[in-house]
Amino acid sequence: MKNFSPPVFYYHSVAPERSPEWVLNGLTLKSSIFEDQLKYLESKGLRTIFLDEWLTFRQGEARPEGSEICLTFDDGYLDNWVYAWPLAEKYGVRFTLFVSPECVDPRPVVRPTLKDVWNGKCREEDLETRGYLTWEELKQMQASGVVDIQSHTMSHAKYISAPVMTGFYYGGFKGLHPIWNANPGIKPRYMADALFERRLPLGTPLFKESSAVIARKAVISPEFMEEAAAVAAGFDLTDPARRPAYEEAVVEVYKRYKMEGKLCAGLEREEAARERVIYEVIDSKAIIEENLLKPVQFLCWPHGDNSMEAHKIARSAGYLATTSGKLTGEAREMDRIPRIPADFENSVWVSRQKFHFKIASHYRRQPYYAVWMVNHFKNKMLKRS
């Protein structure tokens, strides 16, 4: 296979336990499982590489020996500094970290890590973990040689992209982007905001969202939102039993606005949407390079959303490759990075077996590859049906 390359795994958050206060805690992999995976890599003699070396294999400039593996982290969470980085150093593992400048904590602070616990400087229960990394922390990670910082676009945002109602807000991760968009200043520290989920009223209608790099923003009629809020005022939405009647009433209002053609108050111009893609792709590269004094040549698309136009803008700006994300048909292109999820919700033993299976099947070792092919064919048939 001409453009065969080592497997690229992706993670997000690593911590001893999931934080019940964080709306995206499903992204957290237990640090005990992460450490066991690092032990596995060490025991098998697998060598972790950065994306620049990965690309030489991808483009046929070198041939992998079958022992290479690439680990990546998305988003730039504080726990990557606190837990993932010290554990990676401990086991001689390297990883790529994709960050969004708008999410970087602007404060000039450096928080303690697991290394400080090991050295007796603090207790593990005193470690701060909820938030994003600061530029100073990113500088230290980059300088260590263990981590390579690359771009995850500028904002990691999603916007309403169509006047299609998808549900109602009652807390949780569904309100993340509406709250971010209404309160952009809280983004770097939102995880530590005790009032975060209260910033969006219960029962707020939710609409179809798309990533900032592919969305043309749709503006929902303010009058519709006001009318929905007036309906909500007549219900105690803290009581789940009252919600179906409220939703039924709002759906009727929604249908009326839609039938009258008044639901969408405006659609973003194509030129403005393109300017935003340039901001997300090109400006993020410039800001990371300016702050870390290193080249940024790889781009990971948040949410997996991207387009051929966005990819072309990235390539023309100097990126060597971008992730394929949801464009699965692009996964075999030489300037695309197909990735494999590594965040498993299982016991340490089961997680290790899955990790082993994914690496072995990627390198087409039997019987793992045969099992993977059967499963792949089954999923393909199910999708067609």
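The values are calculated or read from the model by the stated rules, or taken from the named source; none is laboratory data. If you're wondering where the values come from, they're calculated on a predicted model, not measured in any experiment. Methodologically, a virtual Cβ is constructed for each residue, glycine included, from the backbone with ideal geometry; neighbour enumeration extends over all protein chains shown.
State the number of residues belonging to the stretch 143-182 that are at negative phi and more than 20 Å from the chain's Cα centre (by Cα).
Counting residues in the stretch 143-182 that are at negative phi and more than 20 Å from the chain's Cα centre (by Cα) gives 12.
Working carefully through the options Arg63, Arg58, Arg47, find the one that is among the basic types (Lys, Arg) and without any contact (Cβ under 8 Å) to a residue 12 or more places away in the chain.
One residue alone meets the criteria, Arg63.
Name the single residue, out of those in the stretch 170-194 being small (Gly, Ala, Ser) and under 19 Å from Ser211 (Cβ atoms), that is surrounded by the most Cβ atoms within 10 Å (Cβ to Cβ).
Looking at the filtered set, the residue picked out is Gly175.
So for the stretch 169-181 (the condition being among the charged types (D, E, K, R) and either under 29 Å from Glu35 (Cα atoms) or outside any helix (DSSP H, G or I) (or both)), does at least one residue qualify?
No, because not a single residue in the stretch 169-181 is among the charged types (D, E, K, R) and either under 29 Å from Glu35 (Cα atoms) or outside any helix (DSSP H, G or I) (or both).
Please tell me if Asn306 is outside any helix (DSSP H, G or I) and within 26 Å of the chain's Cα centre (by Cα).
Judged against the criteria, Asn306 is a match.
Does any residue of the stretch 41-50 turn out to be in a helix (DSSP H, G or I), farther than 30 Å from Arg189 by Cβ and either touching a Ser or Thr at 6+ places or on another chain (Cβ under 9 Å) or of a type in the set (Val, Ile, Thr) (or both)?
Yes, the conditions are met somewhere in the stretch 41-50.
Taking the criterion of being closer than 29 Å to Ile186 by Cα, under 26 Å from the mean Cα position of the chain (by Cα) and among the aromatic types (Phe, Trp, Tyr), would at least one residue in the stretch 213-227 satisfy it?
no
Within the stretch 174-197, restricting attention to residues that are touching a Phe, Trp or Tyr at 6+ places or on another chain (Cβ under 9 Å) and hydrophobic (A, V, I, L, M, F, W, C), which residue is farthest from Lys255 (Cα to Cα)?
Among residues in the stretch 174-197 that are touching a Phe, Trp or Tyr at 6+ places or on another chain (Cβ under 9 Å) and hydrophobic (A, V, I, L, M, F, W, C), the one farthest from Lys255 (Cα to Cα) is Met191.
Of the conditions (1) assigned to a loop (DSSP other than H, G, I, E, B); (2) surrounded by 15 or more Cβ atoms within 10 Å (Cβ to Cβ); (3) in the same structural domain as Pro295 (by TED's automatic domain parsing); (4) of a type outside the set (Ser, Thr, Tyr), Gly120 satisfies every one except a single condition; which number is it?
Against the list (1) assigned to a loop (DSSP other than H, G, I, E, B); (2) surrounded by 15 or more Cβ atoms within 10 Å (Cβ to Cβ); (3) in the same structural domain as Pro295 (by TED's automatic domain parsing); (4) of a type outside the set (Ser, Thr, Tyr), Gly120 comes up short only on (2).
Taking the stretch 45-70 only, how many residues are at pLDDT 95 or above and in contact with a helix residue (DSSP H, G or I) (Cβ under 8 Å, 6 or more places away or on another chain)?
Going through the stretch 45-70 one residue at a time, the tally reaches 5.
Just give me the residues in the stretch 66-91 being more than 15 Å from Asp116 (Cα to Cα), in contact (Cβ under 8 Å) with a residue 24 or more places away in the chain and either in contact with an Asp or Glu (Cβ under 6 Å, 6 or more places away or on another chain) or assigned to a loop (DSSP other than H, G, I, E, B) (or both), in sequence order.
Residues satisfying the conditions are Gly66, Gly76, Tyr91.
Farther than 27 Å from Ser155 by Cα and out of contact with any Pro (no Cβ under 9 Å at 6 or more places or on another chain) - does that describe any residue in the stretch 19-32?
no
Based on what the data block shows, is Met165 crowded, with 19+ Cβ neighbours inside 10 Å and in contact with a Gly (Cβ under 6 Å, 6 or more places away or on another chain)?
No: the conditions fail for Met165.
If Tyr83 satisfies every condition in (1) more than 16 Å from the chain's Cα centre (by Cα); (2) at pLDDT 95 or above; (3) surrounded by fewer than 23 Cβ atoms within 10 Å (Cβ to Cβ) but one, which is the exception?
Result: Tyr83 passes all but (3).
Could you grab me the full set of residues in the stretch 101-132 that are in contact with a Pro (Cβ under 9 Å, 6 or more places away or on another chain) and on the phi > 0 side of the Ramachandran plot?
Matches in the stretch 101-132: Gly131 only.
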